[in-house]
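Reading through the C-alpha cells given below for one structure.
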Amino acid sequence: MLGLKLATDPRWVNIVESNIHEILTDHAWCEQKAASNAISLITQNPEKEELVTELLVIAREELEHLQMVHDIIKQKGLQLGRENKDHYVNELFKFMKKDGSRNDALIDRLLFSAMIEARSCERFKVLSENIEDKELARFYRDLMISEAGHYTTFLNFARQYTEKVDVEKRWKEWIEFETSIIVNYGKNETVHG
C-alpha cells in the first residue's frame, strides 16, 4: 500500500529496545515536527479551505500523539530528552524542488510530507510486530493506522491540487530517492534512524 521499496529490517527493534528512552524522545520530537509541518502548510496556503480544514485535524492529531508519547515517557519514569537532528528528513528535504511555481512547491511539500508519513507508518508497523513491550506494541499499532491516514491525505491532496506536476511520476521519483537513502538508516534507536 505504501509503495516503499525497502522494508525495515526487524532487527532494528533490537536496537530500539536497548534504548527505549532515546526512541521515545525522538518519537516525541517527530510528532512535534509533524504538527509544525501541518501548521506551516496552512500558513502558506490559507486560501485552500479543504486543505486547511484537514491539516488542522492532522496538526491536532500530531499534538495528541506528542502528548501520548510524553505520557509514556513519564509513566516509565523517564524525562523527555532534547531534540536531535533527523538526518533522514533533512535528506528528503534537500530532494524537494525549490524552483518552479508556487503550486509546484506545494505539490512537492505534500509529497515530502507523504513520504515521511509512509516511512513512519512502516517503522511503527515493524515496532508493533516485534517489540516485546506489549503496551508499546499496541500503541505503535494504533499510530501506524493514523500515520497511514496522514500519508493518504497528503498524497491525495497532491493529486487534487496539482496544476502541471505529474504527481504519479514525481511520487515515483520520491520513492526511488527514498530507497536510495533509507539503506543508510535503521541502525539507530530513532524513528527514522
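Keeping to region 101-115, report how many residues are more than 15 Å from Lys33 (Cα to Cα) and in contact (Cβ under 8 Å) with a residue 60 or more places away in the chain. Give the steps one after another, and end with the answer.
The first filter runs over region 101-115 and keeps only residues more than 15 Å from Lys33 (Cα to Cα), leaving 101-108, 111.
So of that shortlist, the ones also in contact (Cβ under 8 Å) with a residue 60 or more places away in the chain come out as 101, 103-104, 106-108, 111.
Residues that pass the stated criteria total 7.
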| request: Could you tell me which numbered condition Leu80 fails, if it satisfies all but one of (1) closer than 24 Å to Asp133 by Cα; (2) open to solvent by 90 Å² or more (accessible area, probe 1.4 Å)? | output: (2)
| request: Scan (1) touching a residue at least 12 places away in the same chain (Cβ under 8 Å); (2) open to solvent by 10 Å² or more (accessible area, probe 1.4 Å) for the single condition Leu127 breaks and write down its number. | output: (2)
| request: List every residue pair whose Cβ atoms lie under 6 Å apart, where the two residues are 6 or more positions apart in sequence or sit on different chains, the first residue falls within region 176-193 and is among the β-branched types (Val, Ile, Thr), and the second residue, located anywhere, is surrounded by 20 or more Cβ atoms within 10 Å (Cβ to Cβ) and assigned to a helix (DSSP H, G or I). | output: Thr190/Asp26; Val191/Asp26; Val191/His27; Val191/Cys30; Val191/Arg123
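Can you find a residue in region 32-49 that is touching an Asp or Glu at 6+ places or on another chain (Cβ under 8 Å), touching a residue at least 12 places away in the same chain (Cβ under 8 Å) and surrounded by fewer than 13 Cβ atoms within 10 Å (Cβ to Cβ)? Walk me through it before giving the result.
To start, the set of residues in region 32-49 that are touching an Asp or Glu at 6+ places or on another chain (Cβ under 8 Å) comprises 32-35, 38.
Checking which are touching a residue at least 12 places away in the same chain (Cβ under 8 Å) leaves us with 32-35, 38.
With surrounded by fewer than 13 Cβ atoms within 10 Å (Cβ to Cβ) added as a condition, the list becomes none.
Looking through region 32-49, none of the residues is touching an Asp or Glu at 6+ places or on another chain (Cβ under 8 Å), touching a residue at least 12 places away in the same chain (Cβ under 8 Å) and surrounded by fewer than 13 Cβ atoms within 10 Å (Cβ to Cβ).
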| note | Within region 81-104, the count of residues that are part of a loop (DSSP other than H, G, I, E, B) and farther than 22 Å from Val69 by Cβ comes to 6
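When only residues in region 61-83 that are in contact (Cβ under 8 Å) with a residue 12 or more places away in the chain and under 25 Å from Leu111 (Cβ atoms) count, which is nearest to the chain's Cα centre (by Cα)? Let's see the steps before the verdict.
Step one: list which residues in region 61-83 are in contact (Cβ under 8 Å) with a residue 12 or more places away in the chain, which gives 61-63, 65-66, 68-70, 72-73, 76, 78, 80-83.
From the residues that got through so far, the ones that are under 25 Å from Leu111 (Cβ atoms) too are 61-63, 65-66, 83.
Numbers: Glu61: 13, Glu62: 10, Leu63: 13, His65: 12, Leu66: 13, Glu83: 16 Å.
Here the residue is Glu62.
Could you identify the single residue in Arg159, Arg119 that is in a helix (DSSP H, G or I) and either surrounded by fewer than 20 Cβ atoms within 10 Å (Cβ to Cβ) or of a type in the set (Asp, Glu) (or both)? Spell out the reasoning first.
Working: Arg119 fails: either surrounded by fewer than 20 Cβ atoms within 10 Å (Cβ to Cβ) or of a type in the set (Asp, Glu) (or both).
Matching residue, one of Arg159, Arg119: Arg159.
The values are calculated or read from the model by the stated rules, or taken from the named source; none is laboratory data. Worth saying up front: this structure is predicted, and the values here are computed from it rather than measured. Don't worry about glycine lacking a Cβ; one is built from the backbone with ideal geometry, like all the others, and counts go over all protein chains shown. Side chains are part of the model used for accessible areas, which takes the heavy atoms of the whole protein and leaves out ligands, DNA and RNA. Shrake-Rupley method; radii C 1.70, N 1.55, O 1.52, S 1.80 Å.
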